[in-house]
Amino acid sequence: MSRCCLLICTLTYFVSLSLSATSLYDFYKITRQESFRRFLCWTDEKEKISQAIKDVIKTDNGSLLDIGAGDGSISKLLEFSFEKIVAVEPCESLFKVLENNCNSEKYLLGNTSFEEFVMDQKFDVVVASHSFQYISNPDIEIKRIRDFLKDDGLFLLINLRKECGYWRLYNGYYADMLGEPPKCSYNFDYDIVSFLEENGFIVKKNYFDVTVNVPSVDDLLSLFNFFYNVEFSAIKEDAFKKIRMNLSKEYGDKGLTIDFENVIYICEKIKQ
Ligand SMILES: C[S@@+](CC[C@H](N)C(=O)[O-])C[C@H]1O[C@@H](n2cnc3c(N)ncnc32)[C@H](O)[C@@H]1O
């Protein structure tokens, strides 16, 4: 574990101690960015995703386009597998972290959405890790992804497996806490394999285990602003209290493991 991560985990530990909270208001001081940092300390997700990518790429010195690169964790972990990495990220605050993490000459970074990204280059690998579902007009953008690939290139789309433990947790609590769930959240409301096949790809898929090990029920609850992409102030206090009580009855002061099983769609271009 890096010294930086150790420091974050130590801070997290002290923040979690201060989370012997009694009401939702005690969670308000935790920002979504802070929740995301805590999540990263408790999960092996980024390591598992980058390993799943390394397992299927054909070359060790090609080019990578990382769509919706976030804080750059995945690009960074793939750094030694590619000669050139282009990473695009529209969110300004995440882009700053990306710039910090991915700062060698091998990178070209764009603070832009994929829809607005223009570049006259073809790639060996295009990765969309937990980001394709946020792209508007997927019918148009999937064709652009195909065009960005060399003839023998790979498009690797990574997402949560539908109906993993997190899926049940997310759906189980959404309506009570926040009302009607959004149409597009962290997964697809259409058949993604058929969609990819209809757009000129041969698709294989691999599943891989990812877990989040949370030290306590309150630590799990402290991630809800990040999980649900809302401020704590948007969550109904009564529902939150009830969920907290039920989880505490079930787990007491024990830690919890959430299953975040992922799926990687390995997409080869059909020759035309
Ligand atoms: C759940 S995060 C995944 C980050 C990273 N790929 C990873 O797996 O760690 C989704 C990312 O997609 C980005 N995103 C959202 N809409 C996008 C768009 N239209 N084009 C490119 N990226 C987008 C978000 O800003 C966010 O960083």
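At GLU197 and ASN111, where each label point lies 7 Å from the Cα along Cα→Cβ, what is the point-to-point distance in nanometres?
4.3
Given an 8 Å cut-off on Cα distances and at least 6 residues of separation, report the relative contact order of the range 163-246 as a percent.
The normalised contact order for the range 163-246 reaches 40 percent.
Within the chain, which is the longest segment containing none of the GluC sites (Glu not before Pro) that sit in a DSSP loop and have at most 15 other Cβ atoms within 10 Å?
That gives 1-104 as the longest site-free run.
Quick query: amide H of VAL210 versus all other amide H atoms, modeled in the peptide plane; which residues come in under 5 Å with a sequence gap of 5 or more or a different chain?
PHE260, GLU261, ASN262
Relative to the longest principal axis of the chain, what angle (0 to 90°, nearest 10) does the C-alpha long axis of helix 3-17 take?
Value to nearest ten degrees: 30.
With the crude spin-label approximation of a point 7 Å out along Cα→Cβ, what separation in nm comes out for GLN272 versus LYS96?
4.2
Could you tell me how many degrees, from 0 to 90 and to the nearest 10, lie between the Cα long axis of helix 32-42 and the main elongation axis, the longest principal axis, of the Cα atoms of the chain?
Orientation of helix 32-42: about 80 degrees from the principal axis.
Taking the range 67-156 on its own, what percent of its Cα-Cα pair distances exceed 22 Å?
Beyond 22 Å sits 20 percent of the P(r) for the range 67-156.
LYS241 versus LYS150, label points 7 Å from Cα toward the beta carbon: distance in nm?
About 6.1 nm, to one decimal.
Which of the aspartates and glutamates could a cross-linker span from LYS242 if the Cα-Cα distance has to be under 12 Å and same-chain partners fewer than 8 positions apart are dropped?
Reachable aspartates and glutamates: ASP176.
Within the range 76-97, whose backbone N sits under 18 Å from a point 7 Å along Cα→Cβ of ALA234?
91-94
Which of the trypsin sites (Lys or Arg not before Pro) found in the range 200-272 are in a DSSP loop and have at most 16 neighbouring Cβ atoms, other than their own, within 10 Å?
Of the trypsin sites (Lys or Arg not before Pro), the ones in loops of the range 200-272 whose Cβ has at most 16 other Cβ atoms within 10 Å are LYS236, LYS254, LYS271.
Write down Rg/Rh for the range 50-199, rounded to two decimals, with Rg from the C-alpha atoms and Rh from the Kirkwood relation over Cα pairs.
With Rh from the inverse mean 1/r over Cα pairs, Rg/Rh is 0.98.
Relative to the longest principal axis of the chain, what angle (0 to 90°, nearest 10) does the C-alpha long axis of helix 45-56 take?
20
Restricting to the range 3-269, what percent of DSSP beta bridges are antiparallel, rounded to 5?
Antiparallel bridges: around 50 percent, rounded to the nearest 5.
For the range 3-269, what does the relative contact order come out to in percent, with C-alpha contacts under 8 Å and a separation of six or more?
23
Using amide H atoms built 1.01 Å from N in the peptide plane, name the residues 5+ places from SER129, or on other chains, whose amide H lies under 5 Å from its own.
Here ILE67, ILE158 satisfy the definition.
Using +1 at the C-beta of Lys and Arg and -1 at the C-beta of Asp and Glu, which of TYR134, LEU156, SER35 has the Cα lying farthest in the positive direction of the dipole of the range 3-269?
Farthest towards the positive pole: SER35.
List the extent of the Cα atoms of the chain along each of their three principal axes, largest first, rounded to whole Å.
For the chain, the Cα spread along each principal axis is 60, 40, 30 Å.
From the helices alone, meaning DSSP H stretches of at least four residues, give me the mean residue ellipticity at 222 nm for the chain, per-run term -39500 (n - 2.57), in deg cm²/dmol to the nearest 500.
-11500 deg cm²/dmol
Quick note: the coordinates plus some simple rules give every number you see, no bench work behind them. Here the structure is a predicted model, which means the values were calculated and not measured. No Cβ is skipped: glycine too gets one built from the backbone with ideal geometry, and neighbour counts run over all protein chains shown.
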